Every structure is written in structure tokens, then in C-alpha cells.
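Heads up, the thing below is written out as C-alpha cells.
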Amino acid sequence: MAIFGYGRVSTRDQQSENQRLELERAGYQVDYWFADEGVSGKVPALQRPQFAKMLSQIRDRETLVVAKLDRLGRDAQDVGATIKMLAARHIEVIVLQLGKLDLASAPGKLMLTMLAAVAEMERDLLVERTQAGLARAKAEGKTLGRPTRTTDEQRATMVTRHKAGASISALSRDYAISRASVMRIVKPTVAQ
């Protein structure tokens, strides 16, 4: 029976190769490796391209190995449903961080539920901290988002030139910004 390995990283800057090496260092000879790169753990497992591809290739009674539980997902319900679906196919799921624990057994289900809930809580706390940091920065008067590519003076000149007949395309070329950016400057929407 084949051993399938699965890895996932949230950003394109990260690489899943470390997860594959971790499986091999733990003594698993991975026959088939699948990894979703740049895919958040909050995306349901079945909606991830490589996870779905792996599911179409893994046969009943084979083994799936992952480095950590949060590679399967960060939502307790999704992780639970994924493990249950794999257990129904008699696919053994090994999570290195949990050791050799049968996730389909009663103790395994309890451990899985607790760890998936902790992973979900960690994700929620991260979002809360991010929102609090953004609110604090806003309260301190910091400008959020990408810096503008034009100065206040350039924007005023664009408005004047547009009123004098300069086209959106010409202004876009002259200031090396997109037509949409020029439109936002010369024809701002009225705040309601």
C-alpha cells in the first residue's frame, strides 16, 4: 500500500518542501507528495486543488501522512469532516505532531476535536490581534494601505489638466499610473 504525503503553506513565499523532509526524517517513505502552496488553512480541504487531486488518487486502505494537524485545516468542523471522510474509506491518517494515534478511534476523535478547536481558536486570535493593531494604527493617525504614487500637488495638477481637456489616457501615461487611478483622482465619488 502506498504512502501519500500532503503539505500546505499559506503564502507563495513559503515552501512545502520542509514538510516533506519532516515526513521523511520521521521514517516515512512518501510515494506520492501533494502540496497546496499559497492556500490558507481556512479554505476547506476539498476546495484545495492539490488536496482534491490527492483524494482522487489515494485508494482505500492506503496511508496519508501530514506534519501537523493544521495542514489539514484551521476550522474544527472541516478538519473533523475530512478525517471522517478518510476514515470511511479506511485511509489511515497519520499526523506527526500527534504520534501514532488512530484518529478514527474514540480517543483519537477526542484528541482531534480538541486540537482542531485549538487551531481554530489560534486563527481567531490572530485575526483579533490584526484588527486591534489596525484600529490602533488608525487611531494614531497612521495611513493604512499602499502608499500613493502621486503627490497632492500632482493630483491637483491632474484635476486642472482634466478640466482643461486632457484625456484620462494622456494623464495615465504622463503620471505612469493606471486609468482607474486617474479616474479616482479627477472624478471622485461623493461620500454618502
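The values are calculated or read from the model by the stated rules, or taken from the named source; none is laboratory data. Just so it is clear, the structure is predicted and the values come from calculations on it, not from any experiment. When we count neighbours, we look across all protein chains shown, and the Cβ atoms used for this are built from the backbone with ideal geometry, even at glycine. Keep in mind that these areas ignore ligands, DNA and RNA; they rest on the heavy atoms of the full protein, side chains included. Shrake-Rupley method; radii C 1.70, N 1.55, O 1.52, S 1.80 Å.
One table, with the values for the structure above:
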{"read-out": "Tabulated pairs, segment 155-169, first among the β-branched types (Val, Ile, Thr), second assigned to a helix (DSSP H, G or I) and surrounded by fewer than 16 Cβ atoms within 10 Å (Cβ to Cβ), C-beta under 7 angstrom, 6+ apart or interchain", "value": "Ile168/Arg179; Ile168/Met183"}
{"read-out": "Val43 crowded, with 17+ Cβ neighbours inside 10 Å and in a strand (DSSP E or B)", "value": "no"}
{"read-out": "Hits in segment 46-77 - residues which are touching a residue at least 60 places away in the same chain (Cβ under 8 Å), of a type outside the set (A, V, I, L, M) and not in a helix (DSSP H, G or I)", "value": "Arg61, Glu62, Thr63"}
{"read-out": "Candidate set from segment 84-107 (those that are within 21 Å of Arg20 (Cβ to Cβ) and part of a helix (DSSP H, G or I)); member that is most open to solvent (accessible area, probe 1.4 Å)", "value": "Gln97"}
{"read-out": "Inter-residue pairs, beta-carbon under 7 Å, first more than 30 Å from Leu72 (Cβ to Cβ) and in segment 123-148, second surrounded by 10 or more Cβ atoms within 10 Å (Cβ to Cβ), 6+ apart", "value": "Leu144/Leu134; Leu144/Ala137; Leu144/Lys138"}
{"read-out": "From the options Asp70, Asp31, Asp13, Asp60, residue that is touching a His at 6+ places or on another chain (Cβ under 6 Å) and either loosely packed, with under 13 Cβ neighbours inside 10 Å or closer than 17 Å to Leu101 by Cβ (or both)", "value": "Asp60"}
{"read-out": "Total residues in segment 16-28, condition over 23 Å from Arg74 (Cα atoms) and either free of Cβ contacts under 8 Å to residues at least 40 places away in the same chain or open to solvent by less than 30 Å² (accessible area, probe 1.4 Å) (or both)", "value": "3"}
{"read-out": "Which numbered condition Gly80 fails, given (1) in contact with an Asp or Glu (Cβ under 9 Å, 6 or more places away or on another chain); (2) assigned to a helix (DSSP H, G or I); (3) open to solvent by less than 70 Å² (accessible area, probe 1.4 Å)", "value": "(1)"}
{"read-out": "Verdict on Thr143 being open to solvent by 70 Å² or more (accessible area, probe 1.4 Å), of a type in the set (Val, Ile, Thr), within 19 Å of Lys68 (Cβ to Cβ) and out of contact with any Asp or Glu (no Cβ under 6 Å at 6 or more places or on another chain)", "value": "no"}
{"read-out": "Any hit, segment 109-125, residues being surrounded by 10 or more Cβ atoms within 10 Å (Cβ to Cβ), among the acidic types (Asp, Glu) and outside any helix (DSSP H, G or I)", "value": "no"}
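Here's the yes/no breakdown for (1) in a loop (DSSP other than H, G, I, E, B); (2) over 35 Å from the mean Cα position of the chain (by Cα):
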position: Lys138; (1), (2): no, no
position: Leu144; (1), (2): yes, no
position: Pro147; (1), (2): yes, no
position: Glu153; (1), (2): no, yes
position: His162; (1), (2): no, yes
position: Ala166; (1), (2): yes, yes
position: Ser169; (1), (2): no, yes
position: Val182; (1), (2): no, no
